[in-house]
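Here is the structure we will look at.
The values are calculated or read from the model by the stated rules, or taken from the named source; none is laboratory data. All figures in this text were calculated on a predicted structure; none of them were measured in a lab. When we count neighbours, we look across all protein chains shown, and the Cβ atoms used for this are built from the backbone with ideal geometry, even at glycine.
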């Protein structure tokens, strides 16, 4: 893969794109956004050695990150998750965890159609730790990443986006020998169980401000099932 060149004039690009999308922000908010984008781009550039599938990208430009943050905001607003995921800038969903995350996305033409992020464990720990400590897994010498902000744009017929993102999530996890923790609803459990190495760590009657059942899950990527290999890894070609 061609190593991406560090974008120049990030602050200028951020201001221009906010104006383009008619997003209002004060100087402090803009500085926070610019800092997050700079650190996120640098983190994702360091992951380029892993490679991505054709049609899947790592976030290494200001424009694509802004598009991703807008897409997150739109989808979470439609889902009624705005209270659980407060936005530092109205219309943009981002936080400090982006700065140590592999942010993957798909595009059709110029439109970002899907995205997800893998938050690498660090001294800051993971968002799940705020509600359920994962230290018992760390004591087992498990390397962890948290899957979050899984978004597919509601355009119809986007099954290929989910498949492509799932494959690249697995590839990043496998490259760094990490297991994946995530929070999900019951309707997603059956599908993910078929991946192999997948289990429930904790059940919550409610999660934060969301008044419904959620599950903290762990995916041990060295125990994937034959079905996962057949459906997701067959004929895998890396760009």
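Being at pLDDT 95 or above, buried (at least 16 other Cβ atoms within 10 Å of the Cβ) and not in a loop (DSSP other than H, G, I, E, B) is a description that applies to residue 103.
Only one of the listed residues (57, 69) is surrounded by 14 or more Cβ atoms within 10 Å (Cβ to Cβ) and part of a helix (DSSP H, G or I). That residue is 69. Could you look through segment 22-53, keep only residues that are loosely packed, with under 13 Cβ neighbours inside 10 Å and more than 18 Å from the chain's Cα centre (by Cα), and pick out the one that is modelled with the lowest pLDDT? Within segment 22-53, the match that is modelled with the lowest pLDDT is 49. In segment 194-204, the condition of being within 26 Å of residue 87 (Cα to Cα) and either exposed (fewer than 12 other Cβ atoms within 10 Å of the Cβ) or touching a residue at least 12 places away in the same chain (Cβ under 8 Å) (or both) is met by at least one residue.
Screening segment 168-178 for residues that are in contact with a helix residue (DSSP H, G or I) (Cβ under 6 Å, 6 or more places away or on another chain) and within 19 Å of residue 217 (Cβ to Cβ) and picking the one that is surrounded by the most Cβ atoms within 10 Å (Cβ to Cβ) gives 173. Out of curiosity, is residue 131 surrounded by fewer than 20 Cβ atoms within 10 Å (Cβ to Cβ), out of contact with any helix residue (DSSP H, G or I) (no Cβ under 9 Å at 6 or more places or on another chain) and in contact (Cβ under 8 Å) with a residue 60 or more places away in the chain? Yes: the conditions hold for residue 131. When residue 124 is tested against (1) under 19 Å from the mean Cα position of the chain (by Cα); (2) closer than 30 Å to residue 54 by Cα, only condition (2) is not met.
Residues in segment 5-21 that are assigned to a loop (DSSP other than H, G, I, E, B) and under 23 Å from the mean Cα position of the chain (by Cα) were compared, and the one that is nearest to residue 151 (Cα to Cα) is 21.
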